[in-house]
Amino acid sequence: MIGAVPRDGHDDCVTAAFAGPTALHYRRYRRDVPEVLLDRLVEHVELPGDAIALDLGAGTGQVAVPLAARVGAVLAMEPEPDMLAQLRRRSEEDNVANLVCVLGSDQDVPALLNSVGRGGCGLLTVANALHWMDAPALFAAADRGLASGGAIAIITHGIPLWLTDADWARALNVYLADWFGRPLTASCGSDAAALRERRDQLVAAGFTEVAVLEHRYQADVDVDYVIGHLYSALDADVLPVARRPDFEDGLRQALRRFQEEPMQEDLLVTALVGRR
Ligand SMILES: C[S@@+](CC[C@H](N)C(=O)[O-])C[C@H]1O[C@@H](n2cnc3c(N)ncnc32)[C@H](O)[C@@H]1O
């Protein structure tokens, strides 16, 4: 179900799949969407507290879990079984009783929205995953199938870590370019051009009141976080497990001079929102 190349043609998005150890690292090293942005989103789209929300490409729950505290129920749809297994484990450990894990992809959205029944689905979220999907088809299905007054939110949680505007990240990028034999430049759907294109696609699909909500924050990172985060974006085909000790040694060496002080990541989180 998962293609090795994202649909937007950015074939250097690093990730090929999210199975096995990638899913484990994803759960440990990917931050949840900031609660403050979710609160603003729910308020902005006037989402009733008992609404059903669909989080598509849910991964290990970075939106689905915090969203569950704000709605009646979340359907967390995800095509990679290992990611879904991690999400299920997390939701059990966190005692999230109103989150349902659904194995499926964007292709299954029309049938899912049809099956939700009276009242329908009030919110569709897609976070950091749209570049794997057929966006125009998804937006058309959402416009047809969401509840009346329902909303869609395309969330982007910053740019790829290795493109951060900081000296430590530039050193990381040089190291990765050297390791992989090519520069990693793709924004994986996180750039301004992608935002504009998606906004136009939402309007073309019939969504109204299209707006962008933003939240900026800064996070400290250290070399262990960088390594774990990279493993959440690199599957074993891209970086075989047997080569990881060498990869880590080299990376620690490349970042050694930055470790006197905390390394920081500036994050801009956006939610592109439309109503139907
Ligand atoms: C980068 S992760 C994002 C996970 C989570 N939403 C987050 O914000 O961190 C992308 C997710 O999209 C899923 N995905 C890939 N292709 C998909 C598709 N066609 N339909 C739905 N999800 C897909 C992947 O399995 C992966 O879990």
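Read-outs: derived from the displayed coordinates by stated rules, not from any lab. None of these values were measured; they are calculated from a predicted model. Backbone-built Cβ (ideal geometry, glycine too); neighbour counts: all protein chains shown.
Here are a few things to note about the model shown:
- DSSP bridge pairs, the chain: antiparallel proportion in percent, nearest 5: 50 percent
- In a reduced charge model with +1 at each Lys and Arg Cβ and -1 at each Asp and Glu Cβ, segment 63-192 shows a dipole moment near 320 debye about its Cα centre.
- Three-way shape call for the chain based on the alpha-carbon gyration tensor, with the a/c threshold at 1.5: prolate
- Taking Val74, Val210, Val33 in turn, the Gaussian network model of the chain (Cα-Cα springs below 10 Å) assigns the largest fluctuation to Val210.
- Using θ = phi - 60° and Karplus 6.51 cos²θ - 1.76 cosθ + 1.60, couplings along segment 194-200 (whole Hz; Gly, Pro as x): 5, 4, 4, 4, 5, 4, 4
- Residue with peak Gaussian network fluctuation, the chain [Cα springs, cutoff 10 Å], from Gly181, Gly228, Gly20: Gly181
- Which of His25, Ser91, Gly122, positive extreme of dipole for the chain (C-beta unit charges): Gly122
- When the charge dipole of the chain is built from unit charges on Cβ atoms (+1 for Lys and Arg, -1 for Asp and Glu) and taken about the Cα centre, the candidate among Ile227, Ala194, Leu172 whose Cα reaches farthest toward its positive end is Ala194.
- In order through segment 125-134: 3J(HN,Hα) via Karplus (6.51 cos²θ - 1.76 cosθ + 1.60), integer Hz, x for Gly, Pro: 10, 9, 10, 6, 9, 5, 5, 8, 10, 8
- When you restrict to C-alpha pairs under 8 Å that are six or more residues apart and normalise by the size of segment 21-275, the relative contact order lands at 23 percent.
- Length added when fully stretched, Leu268-Arg28, from 0.36 nm per residue minus Cα-Cα: 84.3 nm
- What you get for the chain, charging only the Cβ of Lys and Arg (+1) and of Asp and Glu (-1), is a dipole of about 440 debye around the Cα centre.
- Val174/Arg40 FRET efficiency (R0 35 Å; Cβ-Cβ; nearest 0.05): 0.40
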